[in-house]
1. Here is the link list: Lys115/Lys158; Lys53/Lys111; Lys101/Lys158; Lys61/Lys168; Lys53/Lys99. Which ones come out longer than 19 Å on Cα distance?
2. Output the antiparallel fraction of DSSP beta bridges having both residues in the range 39-190, as a percent to the nearest 5.
3. How much length is gained on full extension from Lys180 to Lys121, taking 0.36 nm per residue of separation minus their Cα-Cα distance?
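Values in this text are rule-based calculations from the coordinates and carry no lab data. Computed from a predicted structure; not experimentally measured.
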Amino acid sequence: MKSFTFLPLALLLALILTAVNGTPISREEADIEFDCEYEPGATAARNLESRAKPGVTTFIKWLNTNKARVAEFPAIMFSGRSGKVHSQTGARKLATEHKGKTIGDLTRMAKVDYKREKWDKEDFRQVCRVWSQNAAGTVYVSLGKTVPPGSTYETVEKPALQDNKEVKAIMESIIDEHGKLGDAKDAKKK
């Protein structure tokens with residue numbers, strides 16, 4: 001008898017959860033502030049996850065209102081790894097050598113804690129797009145021998161930098177398995 005009573009309740013709960021998590025919604029219903037991860041026909045939960053976190057919005061506003069301050073420092077970007085050596089190791093070297101700033105340096109300047117907010121790939125794509133559009137002068141990039149397909153650098157930053165008339169050069173260096181950066185090559189031209 002208990003299982004007979006429990007079954008309708010379980011079915012009702014399953015129907016409610018399906019309605020909440022499985023209902024396709026429109027862009028307007030999702031109320032998305034940025035053109036980020038909206039997927040037509042995706043579930044309501046999936047599209048609402050892509051709503052910008054407060055720190056993302058704050059940081060984008062900071063980048064846009066501090067263009068001159070940000071442009072004082074060469075942009076230092078990184079992507080991928082060579083063996084166990086992450087390209088961020090090379091980015092630190094480039095930042096020291098060229099007195100530049102990584103995205104992490106800039107978030108600290110803006111007093112935005114991306115780690116506490118647990119920014120995901122899409123959050124970084126949003127801020128990196130704006131950062132790349134606002135960059136100026138020479139940009140330095142540390143790349144691993146292996147860069148993941150669809151990386152933020154390859155799909156967002158590099159195309160935005162190439163389209164940015166204020167960027168004069170995109171100097172890409174490959175880091176080796178020992179943490180040494182190779183000769184830089186200009187990737188400004190498409």
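1. Table pairs above 19 Å Cα-Cα are Lys115/Lys158; Lys61/Lys168; Lys53/Lys99.
2. Antiparallel: roughly 35 percent of the beta bridges in the range 39-190.
3. Using 0.36 nm per residue and subtracting the Cα-Cα distance, I get 18.6 nm.
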